[in-house]
Amino acid sequence: MIGRPARVTAAGAALLFVTALVLGAAFLCSNSGDAAVERARAIDTSRQVVDRAGSLLRPFPLPDGRWRLPVRLEEVDPRFVDMLLAYEDARFYTHFGIDPLAVLRASWQFAQQGRIVSGASTLTMQVARLLSPRSERTLWGKLVQMRDAVRLEIAFSKQEILELYLTLAPYGGNIEGIRAASLAWFGKEPRRLTPAETALLVALPQSPESRRPDRFSDEARASRDRVIARLTASARVTETEAGLAMAGPVPETRRPLPNHAAHLARRLAAAQPGNARVQVTVDKNLQARLENLAAERASLVGPRASLAILVADHETGEVLAEVGSAGLFADGRAGHVDMVHAVRSPGSTLKPLIYGLAFESRIAHPETLIEDRPVSFAGYRPKNFELAHQGTVTVREALQLSLNVPAVRLLEAVGPARLTARLRRAGLAPALPRHASAGLPIGLGGVGLSLDELVRLFGGIARGGEPLMLQRQLNQIAAQATAGEFLDAGASWLVAEVLLGTPPPPGRGREAIAYKTGTSYGYRDAWAIGFDGRHVIGVWVGRPDGAPLPGLTGRTAAAPVLFDVFRRLSQERVPLPPAPPGTLVANGAALPAALRRFSGDLSLGQPDVQPEAPPAIIYPPDGARVDLGLRKGAPAPPLIMKLDGGRPPFHWFADGRSLGNAQHRRTASWEPEGPGFSTLSVVDAAGEATSVTIFLE
């Protein structure tokens with residue numbers, strides 16, 4: 001009898017408390033609550049760059065450093081939403097922002113126990129609290145939340161309120177929202193979550209800092225298990241699922257958010273500051289595979305080497321993958337430098353256009369004979385990369401073997417100015433030295449171009465001479481060229497047919513890929529650009545700072561990567577189209593007499609009968625610093641040395657020690673013992689000598 005009045009008093013107090021809360025909320029439910037609605041409509045989320053299918057490539061943090069990704073309800077595992085509501089707000093779809101039954105329960109428990117036993121916040125009230133710049137944990141603060149919750153319920157649908165919660169809920173550190181949380185803790189989008197993952201993501205927002213898995217794994221596990229236990233009791237989770245979930249670990253490290261096509265994403269996002277979502281033509285899966293390939297192959301080249309890859313569909317112009325470096329944060333590789341757009345020497349990669357102009361002008365044909373012998377053009381004496389000459393060869397062989405002398409002969413005939421004009425017609429911007437005009441050296445790399453430009457050039461050849469304008473944003477119409485074709489369709493086809501027969505790189509089988517390699521002077525840049533009937537791919541390898549990499553060549557460093565990229569793109573090659581009407585397809589005997597041999601009657605230079613110049617070491621140059629990785633202690637590659645002039649055989653010395661018997665080749669290799677200064681010397685058959693001093697590191 002004594003206890004009953006106490007219970008009545010407690011019940012009366014609870015009812016009085018509930019009545020006061022409800023009346024207070026109703027009183028405050030005025031236009032003053034519209035501020036919460038305005039804040040809800042003005043939520044900032046992380047800008048994001050997504051691939052052609054809408055998958056996240058790279059998000060950008062908010063100005064204050066928080067990661068808050070936008071999310072729609074259909075993008076979240078339905079079971080997560082079901083378990084969230086069961087645990088946090090079972091009557092979410094029936095209350096008006098305030099749950100009177102929950103308030104009554106909480107008030108009764110408070111009156112009975114004299115302390116807060118359970119809360120009464122609905123998800124809508126939690127959203128109101130998250131939207132408030134200053135959320136006070138007082139009775140007045142609770143009344144304000146109730147007022148704002150009612151206003152939110154009036155302004156938004158239940159689905160929209162759920163999406164607000166899924167966007168704003170805190171998950172530890174600078175992570176907000178279910179998408180950022182799922183990516184950071186589990187490395188995946190929240191479309192499909194396990195019961196264990198779901199339970200942890202339900203528990204974290206209640207106390208995001210004290211339950212952070214990367215700092216307090218025991219607390220995170222305990223909170224996760226409490227959610228599982230409660231949901232098991234309400235039959236939301238089966239006993240079997242609960243056992244497996246509780247036995248599983250919690251993530252103890254935070255994963256980085258996606259960062260694919262980092263350079264492309266950064267460039268496009270910076271160009272469109274008002275666009276919260278940029279959708280690009282890149283394929284995320286292909287992009288990820290090629291980023292891994294670039295990092296792997298660059299590590300084999302050297303500790304400071306980088307690698308860039310560009311893949312495009314030359315029918316549509318859409319860029320399918322763009323790898324700007326071997327890793328944005330790769331140590332020592334200057335990964336922040338976007339080598340897809342860096343201007344470098346293209347080496348021999350312009351030769352196909354030179355030959356194409358000769359085909360178009362009807363002064364040469366793939367089966368035309370041409371001389372590969374020493375020649376002088378007003379003092380300019382081009383030499384082949386291997387320094388040897390092949391004598392009489394076909395134009396086809398000259399291009400496939402990338403012989404320099406025949407290419408310069410043909411360039412002299414068609415004219416360097418015409419070559420640069422056609423490059424510009426193709427949409428390229430060849431960079432020449434200041435105040436310099438186009439000369440013969442541009443055919444061997446004496447001009448600046450980017451990987452992006454070379455891919456457009458080769459893609460244009462694949463399109464029959466029609467300029468290729470690359471498209472990087474989905475559903476955007478690429479700017480169209482107005483100058484017409486830059487190379488005749490028949491000449492383009494002949495170039496492609498010749499390049500199709502280029503010998504494959506070492507260790508690769510012959511495939512239906514028309515490609516060309518290039519190596520810039522001093523082993524600074526290695527290139528490989530190729531295409532089939534559908535795709536065009538470009539690869540660059542080198543050091544972003546322009547330092548040489550001894551022995552780096554397009555054939556050995558870039559071409560194998562090109563073939564691997566084609567394999568990752570598709571196992572089947574799309575064949576090249578048939579020859580356009582009017583294209584002269586014939587063997588040497590069937591050619592017109594004027595095309596059987598390139599006669600050189602267009603002032604193509606005179607045979608080089610000058611006396612042999614004294615020997616000169618052209619690589620490494622005197623005073624050069626050559627990075628062989630010697631300071632790291634690992635086995636270093638040999639130093640490749642090149643000689644010009646002199647009379648063979650040649651005798652090489654390193655720091656006074658002979659490197660072996662005299663030889664006729666103008667190249668030699670040496671394996672230094674360690675870093676520091678070294679002197680390299682050569683003595684030729686006439687007794688002439690030359691030397692350079694270099695620093696090895």
Q | Every residue from region 381-396 that is in a loop (DSSP other than H, G, I, E, B) and of a type in the set (S, T, N, Q) | A | Asn384, Gln390
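Yes or no, residue by residue, for (1) at pLDDT below 80; (2) in the same structural domain as Ala364 (by TED's automatic domain parsing); (3) closer than 19 Å to Thr394 by Cα:
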{"site": "Val574", "(1), (2), (3)": "no, yes, no"}
{"site": "Pro581", "(1), (2), (3)": "no, yes, no"}
{"site": "Val585", "(1), (2), (3)": "no, yes, yes"}
{"site": "Gly588", "(1), (2), (3)": "yes, yes, yes"}
{"site": "Pro592", "(1), (2), (3)": "no, yes, yes"}
{"site": "Arg596", "(1), (2), (3)": "no, yes, yes"}
{"site": "Pro611", "(1), (2), (3)": "yes, no, no"}
{"site": "Pro620", "(1), (2), (3)": "no, no, no"}
(Q) For region 668-691, give me each residue that is closer than 17 Å to Ala613 by Cα and in a strand (DSSP E or B). (A) Ser681, Val682, Val683, Ala689, Thr690, Ser691
Q) Would you say Val323 is within 15 Å of the chain's Cα centre (by Cα), of a type in the set (A, V, I, L, M) and crowded, with 24+ Cβ neighbours inside 10 Å? A) yes
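Residues checked against (1) within 30 Å of the chain's Cα centre (by Cα); (2) surrounded by fewer than 18 Cβ atoms within 10 Å (Cβ to Cβ):
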position: Ala42; (1), (2): no, yes
position: Gly54; (1), (2): yes, yes
position: Leu62; (1), (2): yes, yes
position: Arg66; (1), (2): yes, yes
position: Val71; (1), (2): yes, no
position: Asp77; (1), (2): yes, no
position: Phe80; (1), (2): no, no
position: Leu84; (1), (2): no, no
position: Phe92; (1), (2): no, no
Q | First in region 672-697 and within 13 Å of Pro621 (Cβ to Cβ), second anywhere and exposed (fewer than 13 other Cβ atoms within 10 Å of the Cβ) and of a type in the set (Lys, Arg), Cβ under 7 Å, 6 or more apart | A | Phe695/Arg625
Q. Tally time: how many residues in region 352-386 are closer than 30 Å to Gly551 by Cβ and among the hydroxyl-bearing types (Ser, Thr, Tyr)?
A. 3
Q.
I'm trying to understand the selection: among the residues of region 294-321, which are acidic (Asp, Glu) and either under 15 Å from Gly542 (Cβ atoms) or in a strand (DSSP E or B) (or both)?
A. Asp313, Glu318
Q: Answer yes or no: is there a residue in region 665-675 that is surrounded by 13 or more Cβ atoms within 10 Å (Cβ to Cβ), within 24 Å of Leu552 (Cα to Cα) and charged (D, E, K, R).
A: yes
Q. Any idea which of (1) outside any strand (DSSP E or B); (2) within 17 Å of Val447 (Cβ to Cβ) is the one Ile529 doesn't satisfy?
A. (1)
Q. For region 355-368, what are the residues that are crowded, with 19+ Cβ neighbours inside 10 Å and either outside the structural domain of Ala559 (by TED's automatic domain parsing) or not β-branched (Val, Ile, Thr) (or both)?
A. Tyr355, Gly356, Leu357, Ala358, Phe359, Glu360, Ala364, His365, Pro366, Glu367
Q. Only one of (1) crowded, with 18+ Cβ neighbours inside 10 Å; (2) closer than 22 Å to Ser46 by Cα fails for Gly187. Which number is that?
A. (1)
Q. Does at least one position in region 338-353 carry a residue that is without any contact (Cβ under 8 Å) to a residue 40 or more places away in the chain and within 35 Å of the chain's Cα centre (by Cα)?
A. no
Q. Cβ-Cβ below 7 Å, separation at least six or inter-chain, first residue in region 189-200 and in contact (Cβ under 8 Å) with a residue 24 or more places away in the chain, second part of a loop (DSSP other than H, G, I, E, B) and β-branched (Val, Ile, Thr): which pairs?
A. Pro190/Val76; Pro195/Val237; Leu200/Val250
**Q.** Where Glu291 falls short, out of the listed (1) in contact (Cβ under 8 Å) with a residue 40 or more places away in the chain; (2) not in a loop (DSSP other than H, G, I, E, B)
**A.** (1)
Q: Exactly one condition in (1) farther than 25 Å from Leu123 by Cα; (2) out of contact with any strand residue (DSSP E or B) (no Cβ under 7 Å at 6 or more places or on another chain) is not met by Leu56; state its number.
A: (2)
(Q) Being small (Gly, Ala, Ser), in a helix (DSSP H, G or I) and in contact (Cβ under 8 Å) with a residue 24 or more places away in the chain is true for just one of Gly490, Gly484, Gly446. Which residue is that? (A) Gly490
Q.
What's the number of the only condition in (1) out of contact with any Ser or Thr (no Cβ under 6 Å at 6 or more places or on another chain); (2) at pLDDT 95 or above that Val117 fails to meet?
A. (2)
Q.
Anything in region 309-333 that is over 24 Å from Ala53 (Cβ atoms) and out of contact with any Lys or Arg (no Cβ under 7 Å at 6 or more places or on another chain)? List them, or say none.
A. Phe329, Ala330, Asp331
(Q) Looking at (1) closer than 28 Å to Pro544 by Cα; (2) surrounded by 18 or more Cβ atoms within 10 Å (Cβ to Cβ), which one does Val408 not meet, given that it meets all the others? (A) (1)
**Q.** Residue list for region 379-405, restricted to those being in contact (Cβ under 8 Å) with a residue 24 or more places away in the chain and either more than 28 Å from Ala668 (Cα to Cα) or charged (D, E, K, R) (or both)
**A.** Arg381, Lys383, Glu386, Thr394, Val395, Arg396
Q. Considering only residues of region 212-253 that are hydrophobic (A, V, I, L, M, F, W, C) and in contact (Cβ under 8 Å) with a residue 40 or more places away in the chain, which is farthest from Ala169 (Cα to Cα)?
A. Leu244
Q: Being surrounded by fewer than 24 Cβ atoms within 10 Å (Cβ to Cβ), free of Cβ contacts under 8 Å to residues at least 40 places away in the same chain, farther than 19 Å from Leu494 by Cβ and under 28 Å from the mean Cα position of the chain (by Cα) narrows it down to one of Leu474, Leu470, Leu428, so name that one.
A: Leu428
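The values are calculated or read from the model by the stated rules, or taken from the named source; none is laboratory data. Treat the numbers as computed from the prediction; the structure is a model and nothing was measured. Because the Cβ atoms are built from the backbone with ideal geometry, glycine has one as well, and the counts that use them run over all protein chains shown.
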